[in-house]
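Report on the following structure.
Just so it is clear, none of the values below were taken in a lab; they were calculated from the coordinates. Computed from a prediction, not measured in an experiment: that's the story for all the values here.
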Amino acid sequence: MRLNNIIIGGNLCADPESKEVAGGHVLTTFRIANNYGQDKVSFVNVECWGKTAETCRQYLEKGSGVIVQGELIVDTYKDKEGNNRNKAFVKAFKVEFLPRRTERDTHTSRSLPASESAEEVPF
């Protein structure tokens, strides 16, 4: 049995980056900061494809809060000096948008229900 599922939440460290790749597919990447423990932060790279990528590109920006569900991928490659390197990231299949921190603090915006994902956002 194979099981590879991760759910992680955080805020975008920068605006998402998008590009078209072979076959006209859209790839959107972003990095989130995930706070854990006391004064500890993990930075997690995320990539999205297809409709999820297009929606993330359109609506997310630096500071946006998200909950990402996907699979953990660890790519191994050789750098210019021939050393083995690893790159870990989450290949997202679901991204939920959260209100901005200032909006959450003032309770002026509504959040998406837990069942809605980026692919289900009605706007």
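Per-residue Karplus couplings for region 33-40, computed as 6.51 cos²θ - 1.76 cosθ + 1.60 with θ equal to phi - 60°, are listed in order as 9, 10, 7, 8, x, 9, 6, 10 Hz, Gly and Pro entered as x. Straight-distance candidates among the lysines for linking to Lys94, with alpha-carbon spacing under 18 Å and chain neighbours fewer than 8 residues away dropped: Lys51. Taking a cut-off of 19 Å between Cα atoms, list the lysines near Lys87, but don't count ones fewer than 8 places away on the same chain. The reachable lysines, counting only those whose Cα sits under 19 Å from Lys87, are Lys78. Full extension of the segment from Tyr36 to Asn84, taken as 0.36 nm per residue of separation minus the current Cα-Cα distance, would add 14.4 nm.
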